[in-house]
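Since every read-out is calculated from the coordinates, none of them should be taken as a lab result. The model shown is predicted, which means the values in this text are computed figures rather than measured ones. Don't worry about glycine lacking a Cβ; one is built from the backbone with ideal geometry, like all the others, and counts go over all protein chains shown.
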Amino acid sequence: MHVHLRNKESGDYYLDGKGWIPQIQVAQDFKSSSRALAAARKLPKEKVEIVVCFEDRSFDFSIPVEETAYSTPSPDSGMDPER
């Protein structure tokens, strides 16, 4: 399984420190959706989605990163930002 960030407007994939590239084969693999989400939070608020890829590409799926994901939960929200 591979986990990538994709710019929803351009279709390009994130490569750490180098920006967005069109080739998924060389894009950064975050290994987990939580790591991908943590990286997305550090990016400017762009239209980003997490793409999960499998050996059998028919099982691939994407998850949009909503604007609310860029904010840190308040202490009284019951959500642990460290998880």
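Highest average first, the peptides 25-38, 51-64 ordered by how many other beta carbon atoms sit within 10 Å of their residues are 25-38, 51-64. Between Asp60 and Ala38, full extension at 0.36 nm per residue minus the direct alpha carbon distance yields a gain of 5.9 nm. On the beta carbon distance between Gln25 and Glu46, with R0 = 30 Å, the FRET formula returns roughly 0.85.
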